[in-house]
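Visitor: The structure that follows is given in the form of structure tokens.
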């Protein structure tokens, strides 16, 4: 029997930052098909997050550093650059572990921060950056109440990720592993469209 997920009650209070959104299998927006999004901020003006599992074709960190004229050491890690979302696609964000922290770093939770200045790219280029890193271009945003409305429509699952799920799981496995982390088999999901 397929498992149904009931709609979120509009009175429910959710703390979003530090949580992960996992697109439901029937997500209609092709930009977010099987997306995993880390929520970096949420307040009265809306929400902001970064897609974590969609590498940009052929673009790695050393390419990005060259494009923005950041010097790099010889053995700069060739980590993929990720499509962070459809907003400001030329703007970079680095989601990272908190062993790296500067004045402009936004601390999201106890283990993770996000920095969007050239300083973090310079540190990565010189091997002085954070140990755990995801480099993205672009981000996702929702207006006031929009994310809550999408949650109420069962477009996303909201999970509390581990640091390993955020940073260590391969990009092509992150969506299924995120589902599996809460015991969900995507094949068993159905959209709760009607009410008795």
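Visitor: Mind listing whichever residues of region 92-112 are over 15 Å from residue 51 (Cα atoms), outside any loop (DSSP other than H, G, I, E, B) and without any contact (Cβ under 8 Å) to a residue 60 or more places away in the chain?
Guide: 107
Visitor: Of the conditions (1) closer than 24 Å to residue 89 by Cα; (2) surrounded by 13 or more Cβ atoms within 10 Å (Cβ to Cβ), residue 180 clears all except one; give me its number.
Guide: (1)
Visitor: If we keep just the residues of region 95-127 that are touching a helix residue (DSSP H, G or I) at 6+ places or on another chain (Cβ under 9 Å) and closer than 15 Å to residue 63 by Cα, which is surrounded by the fewest Cβ atoms within 10 Å (Cβ to Cβ)?
Guide: Checking each candidate, the answer is 122.
Visitor: Residue check, residue 161 against (1) part of a loop (DSSP other than H, G, I, E, B); (2) under 17 Å from the mean Cα position of the chain (by Cα); (3) free of Cβ contacts under 8 Å to residues at least 40 places away in the same chain, all met but one. Which one?
Guide: (3)
Visitor: What pairs come up if the first residue lies in region 63-79 and is in contact (Cβ under 8 Å) with a residue 60 or more places away in the chain, the second is surrounded by 13 or more Cβ atoms within 10 Å (Cβ to Cβ), and their beta carbons are under 6 Å apart, counting only those six or more places apart or on different chains?
Guide: 64/81; 65/72; 65/125
Visitor: So for region 132-150 (the condition being in a loop (DSSP other than H, G, I, E, B) and out of contact with any strand residue (DSSP E or B) (no Cβ under 9 Å at 6 or more places or on another chain)), does at least one residue qualify?
Guide: There is no residue in region 132-150 that is in a loop (DSSP other than H, G, I, E, B) and out of contact with any strand residue (DSSP E or B) (no Cβ under 9 Å at 6 or more places or on another chain).
Visitor: Another question about this same structure. Please state which of the following conditions residue 149 fails to meet, knowing it meets all the rest: (1) surrounded by 20 or more Cβ atoms within 10 Å (Cβ to Cβ); (2) over 17 Å from the mean Cα position of the chain (by Cα); (3) without any contact (Cβ under 8 Å) to a residue 40 or more places away in the chain.
Guide: (1)
Residues checked against (1) under 21 Å from residue 83 (Cα atoms); (2) modelled with pLDDT under 95:
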| residue | (1), (2) |
| --- | --- |
| 109 | no, yes |
| 115 | yes, no |
| 121 | yes, yes |
| 126 | no, yes |
| 139 | yes, no |
| 179 | yes, yes |
| 182 | no, yes |
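Visitor: When the residues of region 28-38 are narrowed to those that are in contact with a helix residue (DSSP H, G or I) (Cβ under 8 Å, 6 or more places away or on another chain) and assigned to a strand (DSSP E or B), which ends up nearest to residue 156 (Cα to Cα)? Steps first, please.
Guide: First pass over region 28-38, keeping only residues in contact with a helix residue (DSSP H, G or I) (Cβ under 8 Å, 6 or more places away or on another chain): 34-36, 38.
Retained after the next criterion (residues that are assigned to a strand (DSSP E or B)): 36, 38.
Details: 36: 9, 38: 12 Å.
Among those that are in contact with a helix residue (DSSP H, G or I) (Cβ under 8 Å, 6 or more places away or on another chain) and assigned to a strand (DSSP E or B), it is 36.
Visitor: Could you please find all residues in region 57-81 being touching a strand residue (DSSP E or B) at 6+ places or on another chain (Cβ under 6 Å) and in a loop (DSSP other than H, G, I, E, B)?
Guide: Residue satisfying the conditions is 78 alone.
Visitor: Count, please, the residues in region 81-94 that happen to be over 16 Å from residue 123 (Cα atoms), surrounded by 19 or more Cβ atoms within 10 Å (Cβ to Cβ) and modelled with pLDDT under 95.
Guide: Going through region 81-94 one residue at a time, the tally reaches 0.
Visitor: Considering 51, 22, 70, which residue is modelled with pLDDT of 95 or more, surrounded by 13 or more Cβ atoms within 10 Å (Cβ to Cβ) and in contact with a helix residue (DSSP H, G or I) (Cβ under 7 Å, 6 or more places away or on another chain)? Steps first, please.
Guide: Values: 51 fails: in contact with a helix residue (DSSP H, G or I) (Cβ under 7 Å, 6 or more places away or on another chain); 70 fails: modelled with pLDDT of 95 or more.
That would be 22, the only listed residue that is modelled with pLDDT of 95 or more, surrounded by 13 or more Cβ atoms within 10 Å (Cβ to Cβ) and in contact with a helix residue (DSSP H, G or I) (Cβ under 7 Å, 6 or more places away or on another chain).
The values are calculated or read from the model by the stated rules, or taken from the named source; none is laboratory data. All figures in this text were calculated on a predicted structure; none of them were measured in a lab. Here the Cβ is made from the backbone with ideal geometry for all residues, glycine too, and neighbour counts use every protein chain on show.
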